[in-house]
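The values are calculated or read from the model by the stated rules, or taken from the named source; none is laboratory data. Here the structure is a predicted model, which means the values were calculated and not measured. All Cβ positions, glycine included, derive from the backbone under ideal geometry; neighbour counts span all protein chains shown.
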Amino acid sequence: MNNMIRIDDLVFEYKREDQLEPVHAVNHVSLEIERGSFTAIIGKNGSGKSTLAKNINALLLPSSGAVYVKGFNTADEDKLWDIRQTAGMVFQNPDNQLVSSIVEDDVAFGPENLGVEPEEIRKRVDDSLYSVNMYEERKKAPHLLSGGQKQRIAIAGVIAMHPECIILDEPTAMLDPHGRNEVMEIIHTLHREGITILLITHFMEEAAKADRVIIMDEGKVVLDGTPAEVFGHAEEIKALSLDVPFAVDLVYRLRKRGVKIPESIISTEEMVDYIVCKLK
Ligand code: ADP
Ligand code: MG
């Protein structure tokens, strides 16, 4: 089975007593996420990204349709822990995810809940802290750390559960540029090590570095493809009130003025390489 996640015609409605009509947060979405891939999901506020993510992690269950994680149906209560262990989740606000007063206790929390043996927990905690470059801080109190460091601890807590897939819902939104870079480096390293990554982000530069970009709008998938394919629709993306990566915007404007520059350039690095090559 090559799919880590399969979403079949998912509909999710929030029903609230104070509202007559339910909110259709996810509206007939079908997707397959390949094992080992790095997918970015973008879309403006309220487009249904977080609701989709929570349906993958079985924090929410479909109103209709179905979601499978490594073949486990999220609606199957007996498989809840298999699902949560396979697909770990990291949220936007690091302060809401850290529960202990010492870093290493926090990282141990997940594997403890899974019933992992104490000796194995010790090893997993140390390994996870090393892999997010936070081993030196293991005895510290989380509230004394920077936002980027806290987010790396939250990621360590997920890694310690040995997940095959990590879903990150705007993990860098509250971080400064330095913290954002640190977290993105860790995410890319985890991907290179074989973990399937699903990254929800509003930073287009982060999305441009994924294997695949999905754009959501009003609970639906509106664009889906490689970064070059998706960002090739610059006009459509702008019409959705979304930005495109800086290099894509530059290429778009230059081409409008008749400058011959390949549309396939999507990152600043590629733009620099192209210009340097032309100047030689
Ligand atoms: P995104 O993550 O893309 O910003 P969300 O999944 O959070 O989007 O929200 C999708 C839609 O569902 C929005 O219209 C939002 O207002 C609504 N929504 C989200 N959470 C709730 C909730 N707990 N109760 C009712 N409506 C909600
Ligand atoms: Mg959200």
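Out of the residues in the range 1-27 meeting the condition of being exposed (fewer than 14 other Cβ atoms within 10 Å of the Cβ) and assigned to a strand (DSSP E or B), tell me which one is nearest to ligand 1 (Cβ to nearest atom). Outline the logic, then answer.
Of the range 1-27, the ones exposed (fewer than 14 other Cβ atoms within 10 Å of the Cβ) are 1-2, 9, 14-22.
Cutting the leftovers down to assigned to a strand (DSSP E or B) gives us 9, 14.
Numbers: Asp9: 18, Tyr14: 3 Å.
It comes out as Tyr14.
How do the helices (runs of 4 or more DSSP H) wholly within the range 220-280 filter down when requiring 1 or more residues that are free of Cβ contacts under 8 Å to residues at least 40 places away in the same chain and within 30 Å of Val29 (Cα to Cα): which remain?
Output list reads 227-231, 234-239, 246-256.
For the list (1) within 16 Å of ligand 1 (Cβ to nearest atom); (2) on the phi < 0 side of the Ramachandran plot, I need the number of the one condition that Glu170 fails.
Glu170 satisfies every listed condition except (2).
Conditions (1) surrounded by fewer than 21 Cβ atoms within 10 Å (Cβ to Cβ); (2) out of contact with any Lys or Arg (no Cβ under 6 Å at 6 or more places or on another chain); (3) touching a residue at least 12 places away in the same chain (Cβ under 8 Å), marked per residue:
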position	(1), (2), (3)
Gly147	yes, yes, yes
Gln151	no, yes, yes
Ala156	no, yes, yes
Glu164	yes, yes, yes
Pro171	no, yes, yes
Glu185	yes, yes, no
Thr189	yes, yes, yes
Ile195	no, yes, yes
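Which ones in the range 79-138 are touching a residue at least 40 places away in the same chain (Cβ under 8 Å) and among the aromatic types (Phe, Trp, Tyr)?
Phe91, Phe109
Which condition does Asn57 not pass, out of (1) closer than 25 Å to Ile186 by Cβ; (2) out of contact with any strand residue (DSSP E or B) (no Cβ under 6 Å at 6 or more places or on another chain), if it passes all the others?
(2)
I'd like the full set of residues that are away from ligand 2 (no atom under 11 Å from the Cβ) and of a type outside the set (A, V, I, L, M), limited to the range 28-58.
Answer for the range 28-58, where residues must be away from ligand 2 (no atom under 11 Å from the Cβ) and of a type outside the set (A, V, I, L, M): His28, Ser30, Glu32, Glu34, Arg35, Gly36, Ser37, Phe38, Thr39, Asn55, Asn57.
Every residue in the range 208-219 that is at pLDDT 95 or above, buried (at least 20 other Cβ atoms within 10 Å of the Cβ) and not in a strand (DSSP E or B), please.
Those that are at pLDDT 95 or above, buried (at least 20 other Cβ atoms within 10 Å of the Cβ) and not in a strand (DSSP E or B): Ala210, Gly219.
Restricting attention to the range 208-218, does a residue exist that is within 16 Å of ligand 2 (Cβ to nearest atom), within 14 Å of the chain's Cα centre (by Cα) and of a type in the set (Gly, Ala, Ser)?
No, the range 208-218 contains no residue that is within 16 Å of ligand 2 (Cβ to nearest atom), within 14 Å of the chain's Cα centre (by Cα) and of a type in the set (Gly, Ala, Ser).
Of the residues that make up the range 2-13, is at least one more than 16 Å from ligand 2 (Cβ to nearest atom) and without any contact (Cβ under 8 Å) to a residue 24 or more places away in the chain?
No - not one qualifying residue is present in the range 2-13.
Checking Tyr135 against (1) modelled with pLDDT under 95; (2) buried (at least 16 other Cβ atoms within 10 Å of the Cβ), which test does it fail?
(1)
Provide a single number: the residues in the range 163-205 that are assigned to a helix (DSSP H, G or I) and under 10 Å from the mean Cα position of the chain (by Cα).
At the first step, the residues of the range 163-205 found to be assigned to a helix (DSSP H, G or I) are 177-192, 204-205.
Within this subset, residues satisfying the condition of being under 10 Å from the mean Cα position of the chain (by Cα) are 187.
Looking only at that region, the number is 1.
Right, Asp82: surrounded by 14 or more Cβ atoms within 10 Å (Cβ to Cβ), over 17 Å from Asp169 (Cβ atoms) and away from ligand 2 (no atom under 16 Å from the Cβ) or not? Walk me through it before giving the result.
On the way: surrounded by 14 or more Cβ atoms within 10 Å (Cβ to Cβ): yes; over 17 Å from Asp169 (Cβ atoms): yes; away from ligand 2 (no atom under 16 Å from the Cβ): yes.
Judged against the criteria, Asp82 is a match.
So, in the range 33-59, of the ones that are assigned to a strand (DSSP E or B) and within 10 Å of ligand 1 (Cβ to nearest atom), which residue ends up surrounded by the fewest Cβ atoms within 10 Å (Cβ to Cβ)? Even if it seems obvious, please write down each step before you answer.
Taking the range 33-59 as the starting set, the residues that turn out to be assigned to a strand (DSSP E or B) are 33-34, 38-42.
Filter once more, keeping what is within 10 Å of ligand 1 (Cβ to nearest atom): 41-42.
On the way: Ile41: 28, Ile42: 26.
So the residue we want is Ile42.
Only one of (1) more than 16 Å from ligand 2 (Cβ to nearest atom); (2) within 20 Å of the chain's Cα centre (by Cα) fails for Asn93. Which number is that?
For Asn93, the exception is condition (1).
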